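> Pasting a structure here, questions to come.
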Amino acid sequence: GSCTACCTSSQFVHIEPDDTAALAVIPEELLFPAPGQPAGHLLMGYDQNGHCPMFVDGGCSIYEDRPRTCRVYDCRLFTALGRVNEDTPAIAARIRAWEFEYADDDSRRLADEIRAAGRLPTAD
């Protein structure tokens, strides 16, 4: 779609060693080792405006070769889990805007259970 909230919300992008298409098009100077990850795992930061450096003229300049992290990111997961991070206002707004339709009461009940599980405290 046309949403670019994740591209403009001060997000680090994880790039795995086998993500060769992305690594071929992202300038090396934009990448640094991912803390706590095995060798070869990299991060790409964001610019002074909180935008991905590959976000150019309102869109992804490497869309066809974008990192796997970008390909699989879907803020609807946060909606399904009932989780909103207020530190990323653009993403939080998108999460609140999603509305799901359910085929029947069983489907709605299952979605409610998933949201309840998403609100459980995590072990540290």
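Readers should treat all values here as calculations from the given coordinates under stated rules, not as data from a laboratory. Quick caveat, the model's predicted, so the values are computed rather than measured. All Cβ positions, glycine included, derive from the backbone under ideal geometry; neighbour counts span all protein chains shown.
> Once you have the Cα-Cα distance between Gln48 and Phe32, take 0.36 nm times their residue separation minus that, and quote the gain in nm to one decimal. List each step's numbers first, then the result.
Numbers: separation 16, 0.36 × 16 = 5.76 nm, distance 1.69 nm.
Contour length minus the Cα-Cα distance gives 4.1 nm.
> Here's something else I'd like to know. Any chance you could give the angle, 0 to 90 degrees and rounded to 10, that helix 105-118 forms with the longest Cα principal axis of the chain?
Value to nearest ten degrees: 50.
> Suppose R0 equals 22 Å. What FRET efficiency, 1/(1 + (r/R0)^6) with r the Cβ-Cβ distance, do Val72 and Ala93 give to the nearest 0.05? If you can, show how the numbers build up before the last one.
Values: r = 21 Å, r/R0 = 0.96.
FRET efficiency, Val72 to Ala93: 0.55.
> Further question on the same structure: Stretch Asp65-Val84 to full length: gain in nm at 0.36 nm per residue minus the Cα-Cα span? Mind dumping the intermediate values first?
Working: separation 19, 0.36 × 19 = 6.84 nm, distance 2.86 nm.
Contour length minus the Cα-Cα distance gives 4.0 nm.
> Longest segment of the chain with no GluC sites (Glu not before Pro) in a DSSP loop having at most 15 other Cβ atoms within 10 Å? Mind showing how you got there, number by number?
On the way: sites that count: Glu86, Glu99, Glu101.
Free of exposed loop sites, the longest segment is 1-85.
> Which value in deg cm²/dmol, rounded to the nearest 500, describes the helix-derived mean residue ellipticity at 222 nm for the chain, given -39,500 (n - 2.57) per DSSP H run of n ≥ 4 and division by the residue count?
-8500 deg cm²/dmol
> Dividing the Cα radius of gyration by the Kirkwood radius, what Rg/Rh value follows for the chain? It would help to have the intermediate numbers written out before the result.
Working: Rg = 16.8 Å, Rh = 16.4 Å.
With Rh from the inverse mean 1/r over Cα pairs, Rg/Rh is 1.03.
> Using a 7 Å offset from the Cα along the Cα-to-Cβ direction at both Tyr102 and Phe12, what is the distance between the two label points in nm, to one decimal?
Taking the two extended label points, one gets 3.8 nm.
> Under the rule that an exposed site lies in a DSSP loop and has at most 14 other Cβ atoms within 10 Å, name the longest stretch of the chain with no trypsin sites (Lys or Arg not before Pro) of that kind, not counting the sites themselves. Present the calculation step by step, with values, prior to reporting the outcome.
Details: sites that count: Arg83, Arg119.
Value returned for the longest uninterrupted segment is 1-82.
> What is the gain in length, in nm to one decimal, between Ala5 and Ala21 on full extension, counting 0.36 nm per residue of separation less the C-alpha to C-alpha distance? Numbers along the way, then the final one.
On the way: separation 16, 0.36 × 16 = 5.76 nm, distance 2.30 nm.
The Ala5-Ala21 span can extend by a further 3.5 nm.
> Compute the FRET efficiency between Val56 and Ala111 as 1/(1 + (r/R0)^6), taking r as their Cβ-Cβ distance and R0 = 41 Å, and round to the nearest 0.05.
Details: r = 37 Å, r/R0 = 0.91.
The value I calculate is 0.65.
> Here's something else I'd like to know. Can you pull a Stokes-Einstein diffusion coefficient for the range 5-58 at 20 °C (1.002 mPa s), Rh from Kirkwood over Cα pairs, as a whole number of µm²/s?
Rounded, D is 185 µm²/s.
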